[in-house]
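Report on the following structure.
The values are calculated or read from the model by the stated rules, or taken from the named source; none is laboratory data. Remember, it's a predicted structure, so these values are computed and weren't measured experimentally. Every residue, glycine among them, receives a Cβ derived from its backbone with ideal geometry; neighbour counts consider all protein chains shown. Remember, those area values only see protein heavy atoms, side chains included, never the ligands or the DNA or RNA. Shrake-Rupley method; radii C 1.70, N 1.55, O 1.52, S 1.80 Å.
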Amino acid sequence: MIWWVMLSFATVVLVAVTALWLYTFKTRDVSRTPAQERRVARRWIVGGGIVLPVVTVIALLAFGVPTGKRMLTLPLDEPPEVIEVTGHQWWWEVRYPGAPNGVVVTSNQLIMPAGEPVDFHVTAADVIHGFWIPRLGGKIDMLPGRINRIRLEADEPGVFGAQCAELCGVGHAHMHLYVEALPREEFDAWLAARSEEALAELATSDPAFASARENFTTFCASCHRVAGVSAGTIGPDLSDLGGRTMLGAGTLAMEEGAVYQWLRHHQTLKPGNRMPQHDDLDTDTLSGLGDWLETLTP
Amino acid sequence: MTSINREATPQDPQQPEGAQTLHDDLHEIWGNPRGIKALTIVNHTTLGLRFMVTGMVFFVIGGVLSMLIRTQLATPDQNFMTPDIYSQVTTMHGTVMMFLFAIPILEGLAIYLIPKMIGARDLVCPRLTSLGYFCYLFGGIILSFSMVLEMAPDAGWFMYTPLSSSEYSPGLGSDFWLLGITFVEISALSAGVEIVVSILRTRTQGMALHKMPIFAWYILAMALMIVVGFPPLILGSVLLELERAVGMPFFEVAGGGDPLLWQHLFWLFGHPEVYIIFLPAAGIVSTLIPVFAGRPLVGYGWVVFAIVVTGFISFGLWVHHMFTVGIPQLAQAFFSAASMLVAIPTAIQVFVWLATLWLGKPRFKLPMLWILGFLIIFVCGGLTGVMLALVPFNWQVHDTHFVVAHMHYVLVGGMFFPLMAGLYYWLPLFSGRMPSETIGRWGFWLTFLGFNGTFLIMHWTGLLGMPRRIYTYEAGNGWEIFNLLSSISGFVMSAGIAMVLIDIALHFKFGKPAQHNPWKADTLEWANAMPPSAYNFVSLPKIDTRHPLWDNPDLPRTMAEGKHGLAVTSHGRREMWGTDSITGKVREIIHLPGNSWWPFFAALALAVVCVSLLTRVYALAGVFVIIAGVFLLRWSWENGAHPKAAPDAEVRKGDPPLHSRTMSGPGVWAMATFSIANGSFFLSYLFGWFYLWTVSPQWRMPEVSPLSLVVLVAAGVAMTLGAGVMERLVRGLRVNQDRGLARGFYMSALLGAAQVGLVLWSLLTAGLEPTRTSHDAVLLVGLVYALFHGALAMILSAMQGLRVRHGYVGLHAPFEPAVVVILWRYNVVTFWVLVGALGVLPRVIGG
């Protein structure tokens, strides 16, 4: 709606200015005394050069300042949910420090409660990244060594796209973030399902994947964490990988066999990403790992 | 029309017999050498053309890069370029267009036109023009060469650290950028300084500030903004290169630095830079419109006011590029309001142009077509700019192709179209020939339609959510058709520009000879021969109107006949007027140096420094820094009463003295202007120190300052005494008193040496660990700055002593000490501020 208003306004202005400009080229025979000329000129300059921009600027400020204020993390009567987001080359680490059963960690997906303000504390682990969920507003830089805060609110439950908004290197184009706002109860349930215990239970309970777990410990554990299995922090936390909608920070949709595809071809799918290519591992090992990780759906 | 040295009498031996003899004699003095010696040319006409041609070559390179981008994005899932190469291409497209095309070509235009417009024969520091050109050329070649090596910078044209740091950009790409751009900026600064001084001190007789062509006002503002605006980026580049090369952690959080410092320094330069590009372009518009409307510009005073206001506001706006880094809301509101204030001076100019057309009788010639294109595109860019300023809308489209489209509307509309209008307008002056109106119109329409096809559609692609800076995209988003259309239109635009370039190239050979002053313009550049002679004007007129050629159509003829000032050649000097900065009253005769190898050699030595820093052969770099210094000093040796400058100070009766025989000539002004640039560098440094101290997240201030205050104060006292000696000598020269002159210079050099020694001592005993903490690194940079300036003042004073012995400086030529003393004053002020900031304040306030 606002877009159409602006578009028509802009078109009118553009056409008017161009028409005016072209009109001046029409031969007119108006003779004016110097005093008249000065008066005409002053009218143009004061009207168009001062009054017009001043009025526009005031209108813009009146419109823009109140909206900007909403995003400040001023104290609220009821402290809002805090979500910590850290940008890495080229993935997102998302933490919920306020979860009732201890901190919940996930990657490349941001699930938030709808209908209430949420405070985001954002930072970066390496270079500068940009945190920005266009539909919710407010873009803020993620700076190494610094925590920036922003308050956002999703009025309705829904899925929103987001992408890193600051050039961060070769993988910048492949740094999407899946954002979903859930009703409060669903959000609480989502958090509860990701308690350390629940996730560890999920990862270790099925004996059919014993060898996959072993391979994971050998080949993946130094970088990746899976609750109850490993504690690596260099790459994304994989404890609830199967439950995500996308792989590789939005590179690949999570379907059956997607993890295997990723493990096999990730340097083609997302060129330059920091994970080493595992050409030394045979198909069975990789698909075994993939099958297991896809079961991690809390 | 009176002129003060033209009381032509038959017995006057220097009175030329005819205009042709005079012309030949002037040509003898001013003419350009050919062959290899063309490298020694210092003439502004030649160098201005070289700047513009080189700028056009880089424009073509930048254009080819943009074609590569459009090819890659034409269809989804393209493998034409890898993401790595794509980053290099986009980074270089921005860098080349900004630093190697837009700024230099506008400088070139100013270098070419300004002396002609203000009735001078050359810029005031001709050798500096030459140095600037070669620095630009060599820097540009070095930077472009990185693409051949596939090692081009790839961290974006703004080089945000830590992405550009050695950790995340380990290759040479960022080094190419930092060193190459700094090298090119020597050129921008040289041009900035000499254009300021030329406009303020060499306007022809009677051309008071308020009678100056409006274009000169725009260029004056541009030059001053370069002088103030470029040093922060030079400092930032030096610091970042130090961090990359030797590991001083200015921007690295763990070492106590802060990546945001880079952003501040970059945008302190980067925002004014937008106006450095826009102002001269607007100057072209303000020059052309009155000519084609056939009446004076309406509201000259309003426009001057708008220019000055734009210049000031633009320095208060840098933070608006950093709204998203998390700065306080109050600061954000302030900078928001300031950003919008810029709309006022811009709107004033737009309506001045409209009113001028309204009140005149406009003619629609080819240059006006480009102005019309400018108007439409620029207004469109302004409107999308307002949309972007609306915060909620900004959220929707920020960092999408909408922004790319907006930016190109502003930059191409605001700079390229006026530039093209200007080129077509002044082309007859450059060559004496008219370009083809038919090819020109074809070129315009292809460019105009191609441009809008590319970028108007790109707005839509952005609204559909296509982000910036992605090297490819998947099919199925609905972006395909728009991207394809953009790419096709991009090639149409290229065809248009190619046509324009071919038209321009061909017209030099095949164009119809132009008649004199083909557009019936009002300003003095059209009183030149077409193409102009090396000395511009046979005689320099007295001006008492803003529109000399309208009010006195006979002026070009009488000027060419030598009926005005300085039509004297017997002395063999290159001469022009030095006039009062405000009133335009003649104060002295400026004699300009002739062609010289020194600028070329100095630039070459600096290029070797640049390349050896790139290849990390630091010893070689050190040697060539010294060699470059020696060349520059050797260059300065040919001044004053030196046989190659003005050994003989005879002037005709009634003429003012030569500037080297006065004490307030252009050198003093140049030194003062350069001190502004230097001061901007120094203030940026202080800003960095206090910024890191107060804001950097892991700043560590040692309990006890490692600097010995006693030693520093002793150094300061020595330097202040040295400056005192210099002041006394200069005061003496002013009252015709030169007792102990040489001894005095040596004395101040000795005191300077004492200061340098003491600073060096405090540096060596401080035990700094500049690679461990940013605190120590910042101290080191400050002390090295003081050392460099102390040493420079010492050397220059010692040289003055030598020059007195040679008879190049003295009561008969007292000019240079007045220049050198400015450096001493600058040093005294900055050194004490430095002692206070680095030595005293930490002790008073503590960490």
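Couple of notes before you dig in:
- For B:T400, residues with placed amide H under 5 Å, excluding near neighbours: B:R468
- Environment charge at B:V809 (Cβ cut-off 12 Å; Lys +1, Arg +1, Asp -1, Glu -1): +1
- For the residues B:L446, B:L834, a 1.4 Å probe over the protein chains yields an accessible-area ranking, largest first, of B:L446, B:L834.
- Percent antiparallel among DSSP beta bridges (both partners in chain A, rounded to 5): 70
- Beta bridges per DSSP with both ends in the protein assembly as shown, % antiparallel, nearest 5: 75
- Helix A:2-23 and the longest principal axis of the C-alpha atoms of chain A enclose an angle of approximately 40°.
- Across the cross-link table entries B:K520/B:K542; B:K542/B:K644; B:K211/B:K585, which are compared at the Cα atoms, the separations over 23 Å belong to B:K542/B:K644.
- Against the criterion of solvent-accessible heavy-atom surface with a 1.4 angstrom probe, A:F120, B:F674 sort, most first, into B:F674, A:F120.
- Folded to 0 to 90 degrees: helix A:52-69 orientation relative to chain A principal axis, Cα: 20
- One compactness figure for the stretch A:81-192 is 0.99, namely its Cα radius of gyration divided by 2.2 N^0.38 Å.
- Rounded tilt (10° steps) of A:210-219 against the dominant C-alpha axis of chain A: 60
- Cα centroid separation - the stretch A:137-207 against the stretch A:87-105, whole Å: 7
- 24 Å tail of the calculated P(r), the stretch B:685-845, as % of Cα pairs: 40
- Each 10 Å bin from zero up to the one holding the largest Cα-Cα distance in the protein assembly as shown carries the following percent of pairs: 2, 9, 17, 21, 19, 15, 9, 5, 2, 1, 0, 0.
- Using only alpha-carbon positions in chain A, the gyration tensor eigenvalues give semi-axes of 54, 23, 15 Å once each is multiplied by 5 and square-rooted (largest first).
- Compactness ratio for the stretch A:196-294: Cα radius of gyration over 2.2 N^0.38 Å (N = residue count) comes to 1.00.
- Selection of GluC sites (Glu not before Pro), the stretch A:181-241, meeting DSSP coil and at most 15 other Cβ within 10 Å: none
- If you take all other residues with their beta carbon under 14 Å from the beta carbon of B:G722, and give Lys and Arg +1 and Asp and Glu -1, the sum is +2.
- The stretch B:550-597 and the stretch B:393-447 have Cα centres spaced 36 Å apart.
- Selection among B:P842, B:M225, B:V193 by position relative to the dipole of chain B gives B:V193 as farthest towards the positive end (Cβ unit charges, Cα centre).
- Helix-only arithmetic for chain B: the sum of -39500 (n - 2.57) across DSSP H runs with n ≥ 4, divided by the residue total, places the mean residue ellipticity at 222 nm at -22000 deg cm²/dmol.
- Separation of alpha-carbon centers, the stretch B:778-847 and the stretch B:15-79, rounded to whole Å: 37
- Projected onto their three principal axes, the Cα atoms of the stretch B:755-838 cover extents of 54, 20, 16 Å, largest first.
- Most to least accessible of A:V170, A:V179 (protein chains only, probe 1.4 Å): A:V170, A:V179
- For chain A, the mean residue ellipticity at 222 nm estimated from helices alone is -11000 deg cm²/dmol, where every DSSP H run of n ≥ 4 contributes -39500 (n - 2.57) and the total is divided by all residues, rounded to the nearest 500.
- Among A:K139, A:K26, A:K270, residue whose mean-square fluctuation peaks in a GNM of chain A (springs only between Cα atoms under 10 Å): A:K26
- Sparse packing (at most 12 other Cβ atoms within 10 Å of the Cβ) combined with a DSSP loop state is found for the following trypsin sites (Lys or Arg not before Pro) in the stretch B:626-728: B:K644, B:K653.
- Compactness of chain B was expressed as the Cα radius of gyration divided by 2.2 N^0.38 Å, which yields 0.97.
- Rolling a 1.4 Å probe over the protein chains gives B:I85 an accessible area of about 50 Å².
- Other residues within the sphere of radius under 14 Å centred on the Cβ of B:L178, judged by their own Cβ, net out at -3 (K and R +1, D and E -1).
- GluC sites (Glu not before Pro) restricted to the stretch B:436-508 and DSSP loop, no more than 12 other C-beta within 10 Å: B:E474
- Diffusion coefficient, µm² s⁻¹, Stokes-Einstein with Kirkwood Rh over alpha-carbon pairs of the stretch A:96-150 at 20 °C and 1.002 mPa s: 170
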